[in-house]
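Working notes, beginning with the structure itself.
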Amino acid sequence: MSSTASIAMTIPFTMNKKPSDNSLPPFAFFGTPKVARDTLTFLSEVGIEPSVIITNAPAPKGRGRIVTQTQVAEFAHTHYLPIFTPPTLTPEHIKEICSYNCAFAIVVAYGKIFPETLIQSFPLGVINVHYSLLPKYRGASPVETALVNGETTTGVSLQYMKKALDEGDIIASVQVPIAQTDTSRELFEKLIRAGAILLRDNLPTISGGTATARVQDANMATYAPKIQKDAGYLSEHDDALASWNKYRAYSERPGVYFYAVRDGKRIRVKVRGATYAHGVFTITRVTPEGKSEQAYNDFLRAGWEAQLF
């Protein structure tokens with residue numbers, strides 16, 4: 001297939017189930033969050049399953065700090081697949097990974113930097129699924145950055161991993177349209193599906209050692225940095241469109257908020273619902289500091305003044 005393709009917005013959530021694809025050599029899958037689990041689900045539905053899954057170790061989560069395994073680990077246990085959860089990628093851990101004799105590896109949001117020795121241990125390379133059209137938006141937050149910048153198109157790239165972040169040669173990419181109403185959750189769903197299909201279609205050449213790849217143009221590179229905790233702050237300097245794009249990008253993580261004042265008291269208010277139409281950004285639901293979720297109009301009727309544009 002061509003290195004860059006176009007994909008329709010209506011990609012089916014599931015693919016037709018077929019028997020396990022025994023024509024592929026053994027491969028490893030590295031991943032941790034929901035995007036990785038959903039990618040594994042897609043591949044499994046077309047008979048493609050890894051020989052071993054590497055994911056992060058269980059960690060405390062939530063207010064109760066309950067030790068919880070990753071969503072990828074849950075997938076591995078459900079599908080009776082070998083799983084390895086090294087806390088770090090030390091030489092000893094790399095040796096353990098190599099004991100599975102995998103020809104190549106697929107990486108989807110694993111969350112750890114690969115040492116060069118690990119990359120070189122796979123004869124057919126390490127294929128990283130990145131949710132942008134590289135070299136645009138290299139880095140940790142390509143989906144959120146595309147949304148906050150008001151992009152109308154993004155995509156998925158398959159790249160051969162290099163030690164330098166997201167600078168690997170591109171095997172294939174696919175464009176995905178962004179609707180003006182898309183939030184990060186909705187856009188991720190589109191990209192996960194597109195990426196899984198892209199993997200399925202390119203695995204025969206990748207596993208056969210015949211995949212071609214193009215070098216990225218470093219002069220065209222842009223970056224998507226790690227999301228800061230205050231990225232979703234709506235200030236009086238943000239206009240309606242900027243506020244809407246922040247809501248789309250950050251409502252899931254780390255959250256969108258503004259400040260409000262009443263009788264000399266200033267509180268932080270989380271935005272739980274919002275719309276945008278005809279150039280107007282409208283907040284519909286909020287959670288004031290120390291209070292339960294409520295309609296935004298009720299919040300204003302209580303005498304609070306929002307410090308917004």
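Observations on the model:
- In segment 164-181, the residues that are hydrophobic (A, V, I, L, M, F, W, C) form Cβ pairs under 7 Å with partners that are part of a strand (DSSP E or B) and modelled with pLDDT under 95, at six or more places apart or across chains, as follows: 174/5.
- In the condition set (1) outside any helix (DSSP H, G or I); (2) closer than 22 Å to residue 198 by Cβ; (3) among the hydroxyl-bearing types (Ser, Thr, Tyr); (4) at pLDDT 95 or above, residue 39 is compliant with all but (1).
- Annotation note: Cβ proximity below 6 Å between a residue of segment 182-194 that is under 17 Å from residue 130 (Cβ atoms) and a residue that is acidic (Asp, Glu) and assigned to a helix (DSSP H, G or I) (sequence gap 6+ or interchain) occurs for 184/144; 192/38.
- Residue pairs whose Cβ atoms lie under 6 Å apart, separated by 6 or more positions or on different chains, with the first residue in segment 197-225 and surrounded by 14 or more Cβ atoms within 10 Å (Cβ to Cβ) and the second basic (Lys, Arg) and assigned to a loop (DSSP other than H, G, I, E, B), are 222/136.
- Sole exception among (1) polar (S, T, N, Q); (2) surrounded by fewer than 17 Cβ atoms within 10 Å (Cβ to Cβ); (3) in the same structural domain as residue 132 (by TED's automatic domain parsing) for residue 275, by number: (3)
- The residue that is nearest to the chain's Cα centre (by Cα), among those in segment 13-33 that are at pLDDT 95 or above and over 15 Å from residue 107 (Cβ atoms), is 26.
- Of all the residues in segment 57-107, those that are in a loop (DSSP other than H, G, I, E, B), surrounded by 11 or more Cβ atoms within 10 Å (Cβ to Cβ) and under 22 Å from the mean Cα position of the chain (by Cα) number 7.
- Given (1) over 31 Å from the mean Cα position of the chain (by Cα); (2) part of a loop (DSSP other than H, G, I, E, B), number of the condition residue 254 does not satisfy: (1)
- Between 249, 231, the distinction of being surrounded by 18 or more Cβ atoms within 10 Å (Cβ to Cβ), in contact with a helix residue (DSSP H, G or I) (Cβ under 9 Å, 6 or more places away or on another chain) and part of a loop (DSSP other than H, G, I, E, B) belongs to 231 only.
- A search for C-beta distances below 6 Å between a residue of segment 233-250 that is not assigned by TED's automatic domain parsing to the domain that holds residue 145 and aromatic (Phe, Trp, Tyr) and any residue that is at pLDDT 95 or above and crowded, with 16+ Cβ neighbours inside 10 Å, counting only pairs 6+ apart in sequence or on different chains, returns 244/276; 244/281; 247/256; 247/274; 250/231; 250/232; 250/256.
- Test result for residue 231, under 15 Å from the mean Cα position of the chain (by Cα) and either modelled with pLDDT of 95 or more or farther than 30 Å from residue 172 by Cα (or both): no
- Per the conditions (1) under 15 Å from the mean Cα position of the chain (by Cα); (2) part of a loop (DSSP other than H, G, I, E, B), the sole criterion not satisfied by residue 113 is (1).
- Criterion applied to 129, 176, 156, 143 was being in a helix (DSSP H, G or I) and buried (at least 20 other Cβ atoms within 10 Å of the Cβ), and the one residue passing it is 143.
- Boolean, residue 308 is outside any strand (DSSP E or B) and out of contact with any Leu (no Cβ under 7 Å at 6 or more places or on another chain): no
The values are calculated or read from the model by the stated rules, or taken from the named source; none is laboratory data. These numbers come from a predicted model, not from an experiment. For neighbour counting, all protein chains shown are included, and Cβ atoms are generated from backbone atoms with ideal geometry for every residue, glycine included.
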